[in-house]
1. Can you find, within the range 95-146, the residue that is most open to solvent (accessible area, probe 1.4 Å) among those that are assigned to a loop (DSSP other than H, G, I, E, B) and under 23 Å from Val165 (Cβ atoms)?
2. Contact list please: Cβ distance under 8 Å, first residue in the range 23-39 and free of Cβ contacts under 8 Å to residues at least 12 places away in the same chain, second residue surrounded by 15 or more Cβ atoms within 10 Å (Cβ to Cβ) and in a helix (DSSP H, G or I), pairs at least six apart or on different chains.
3. So, in the range 120-157, of the ones that are basic (Lys, Arg) and under 15 Å from the mean Cα position of the chain (by Cα), which residue ends up farthest from Trp174 (Cα to Cα)?
4. When you go through Ala55, Ala73, Ala34, Ala80 one by one, which is the residue that is farther than 26 Å from Arg144 by Cβ, open to solvent by less than 50 Å² (accessible area, probe 1.4 Å) and of a type in the set (Gly, Ala, Ser)?
5. For the range 158-167, does any single residue satisfy the condition of being within 17 Å of the chain's Cα centre (by Cα), modelled with pLDDT of 90 or more and surrounded by fewer than 13 Cβ atoms within 10 Å (Cβ to Cβ)?
6. Just to be sure I understand the filter: pairs with C-beta atoms under 7 Å, separated by 6 or more residues or on different chains, first member in the range 149-175 and assigned to a loop (DSSP other than H, G, I, E, B), second member open to solvent by less than 70 Å² (accessible area, probe 1.4 Å) and among the β-branched types (Val, Ile, Thr). Which pairs pass?
7. Out of all the residues in the range 168-202, which are closer than 30 Å to Arg36 by Cβ and buried (at least 18 other Cβ atoms within 10 Å of the Cβ)?
8. Look through Lys215, Lys219, Lys231 and report the one residue that is at negative phi, at pLDDT below 90, in contact with a helix residue (DSSP H, G or I) (Cβ under 8 Å, 6 or more places away or on another chain) and not aliphatic (A, V, I, L, M).
Amino acid sequence: MSKTLVLIDALNLVRRIFAIESNQENITSVNNTAQRVSSAAIKLLRLTSASHAVAVFDGNESWRYHYYDKYKATRKPMPATLSENMQIIEQSFEQCGIPVYKPEHDEADDIIATLATKAATANVNVVIISTDKGFLPHLTQNIRLYDYFQKTWIDKEQVEIKFGVNQNQLTELWAMAGDKTNDIPGIAGIGLKTAQKLLGEYGKFEFILNSNSLKPSEKKENSNWHRRFHKK
């Protein structure tokens, strides 16, 4: 019997459910959210026929903030009522038989991507529950992504239609054009359409950098970006 590991991007699910509450300063809103989270978790376990599951939360500021101090700088903080009563939400997962994992510093995205990759390598089917586009580059035959709110499975064809590039070009697309969701700037003078066009024509950033289609000033800026992007 094949195994299926369900990895729930916990705060991605919880915060969207909590957002529909009319009075977010009342503890009742947290209790209502907990009930909806429990209901969602049960539906997801049934939908995926999960043999294993875990709800992964974010830790405190991850390595990303140290690498780039403006990361998520304009992101609204979690409502105090929710953050102060998160144990109620955690219990709603645990009561459904789903263990909760809270890393000390790492983001849920990094933990989920790591677990998904390792599990898929061991021939375990993986389902990631999230609306986060950051998981799209990880899609394989063994790693699937499900949007609970749209009730939709995301596949490679949808990625190409939505973003205008192949799945394996997504990381360079966002690095070149920027990612407003996480407050990450792109390359000066390179917008989304230009990045799509260049990647479509040349395939990889290194080929774009070596092409004759860029102005000398753009090539200098892009060369500086390339060094920063690959520095770790």
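The values are calculated or read from the model by the stated rules, or taken from the named source; none is laboratory data. The structure displayed is predicted, hence computed values, not measured ones. Don't worry about glycine lacking a Cβ; one is built from the backbone with ideal geometry, like all the others, and counts go over all protein chains shown. Calculation scope for accessible area: heavy atoms of the full protein, side chains included, ligands and nucleic acids excluded. Shrake-Rupley method; radii C 1.70, N 1.55, O 1.52, S 1.80 Å.
1. Among residues in the range 95-146 that are assigned to a loop (DSSP other than H, G, I, E, B) and under 23 Å from Val165 (Cβ atoms), the one most open to solvent (accessible area, probe 1.4 Å) is Gln141.
2. Close Cβ pairs satisfying both conditions: Asn23/Ser29.
3. Across the range 120-157, the extreme among qualifying residues is Arg144.
4. Answer to the selection: Ala34.
5. yes
6. Note: pairs meeting the criteria are Phe149/Thr131.
7. Within the range 168-202, none qualify.
8. Matching residue, one of Lys215, Lys219, Lys231: Lys219.
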